[in-house]
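Take a look at the structure set out below.
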Amino acid sequence: LALSSGKLAHALMKPVFQMLDPMGSFTKYAAIEQAAADPKKLSRTMARERWLEEHVPCASAFCREFVRYAYQEDALINGRWSLGGETVRLEAITSPALIVVCKRDFIAPSRSGLPLFDRIQSKDKELVEPDAGHIGVVVGATGPRYFFPLLDQWLRRIAKGEPQAAKE
């Protein structure tokens, strides 16, 4: 489904994403109405809707490779995905890792991130599961309220070389 430009057009990508959430076209209006009384909430809701509608064409070769390796072959987990000529080995990752899986993510369900967490061998790894969706975790209210502060604290801790806090 590539154009002569070698890019997958938004007009071809949008229906694929809509199939992931068939009711999304209807529920978004309920979300806008619910947020209408609060200008801050409405601003975040409209930012999310604007983000959903402003797609950037995607390189066809990347789309083919990503769908094949990520969805059809599960190549990352199976140790068969190569980048720059080198096979990605999750077991070889020893640097600090923050894995964020969202409870309401239907694009990358939370259970899909758990094998990543399990395979990474870092002694400093953290798994968090915010009550948000794939887009809402960044663009929605969860971003400034939870995700951005979490990421900021994690990056600052890593930059300072501080150890991970002990789990209770």
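Values as computed for the structure displayed
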| quantity | calculated |
| --- | --- |
| Every pair of residues 6+ apart whose Cβ atoms lie under 7 Å, when the first sits in segment 137-161 and is of a type in the set (Gly, Ala, Ser) while the second is surrounded by 18 or more Cβ atoms within 10 Å (Cβ to Cβ) and assigned to a helix (DSSP H, G or I) | Gly140/Arg44; Gly140/Arg48; Ala141/Arg44 |
| Of residues in segment 84-102 being of a type in the set (Gly, Ala, Ser) and open to solvent by 50 Å² or more (accessible area, probe 1.4 Å), the one nearest to the chain's Cα centre (by Cα) | Ser95 |
| Residues of segment 74-83 satisfying the condition of being open to solvent by 60 Å² or more (accessible area, probe 1.4 Å) and within 16 Å of Gln121 (Cβ to Cβ) | none |
| Looking only at segment 103-121, and only at residues there that are touching a strand residue (DSSP E or B) at 6+ places or on another chain (Cβ under 9 Å) and without any contact (Cβ under 8 Å) to a residue 40 or more places away in the chain, the one that is surrounded by the most Cβ atoms within 10 Å (Cβ to Cβ) | Ile120 |
| Test: residue in segment 31-52 that is in contact with a helix residue (DSSP H, G or I) (Cβ under 9 Å, 6 or more places away or on another chain), among the acidic types (Asp, Glu) and within 30 Å of Leu83 (Cβ to Cβ) | no |
| Condition met for Ala30 (under 16 Å from Gly140 (Cβ atoms), in a helix (DSSP H, G or I) and at pLDDT 85 or above) | yes |
| Checking Tyr71 against (1) among the hydroxyl-bearing types (Ser, Thr, Tyr); (2) over 23 Å from Leu12 (Cα atoms); (3) under 17 Å from the mean Cα position of the chain (by Cα); (4) open to solvent by 80 Å² or more (accessible area, probe 1.4 Å), the condition it does not meet | (2) |
| Meets criteria (more than 19 Å from the chain's Cα centre (by Cα), more than 30 Å from Ala165 (Cβ to Cβ) and basic (Lys, Arg)) for Lys28 | yes |
| Search result, residues across segment 10-53 that are of a type in the set (Lys, Arg) and touching a residue at least 40 places away in the same chain (Cβ under 8 Å) | Lys14, Lys41, Arg44, Arg48 |
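A quick yes/no check of all residues on (1) touching a Lys or Arg at 6+ places or on another chain (Cβ under 9 Å); (2) closer than 22 Å to Leu12 by Cβ:
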residue	(1), (2)
Ala35	yes, no
Pro39	no, no
Arg80	no, no
Thr87	yes, no
Pro96	yes, no
Arg104	no, no
Ala108	no, yes
Gly113	no, no
Asp118	no, no
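The values are calculated or read from the model by the stated rules, or taken from the named source; none is laboratory data. Because the structure is a prediction, the values reported are computed rather than measured. Here Cβ is always computed from backbone atoms with ideal geometry, including for glycine, and neighbour counts include all displayed protein chains. Quick note on the areas: whole protein, heavy atoms, side chains included, nothing else; ligands and nucleic acids left out. Shrake-Rupley method; radii C 1.70, N 1.55, O 1.52, S 1.80 Å.
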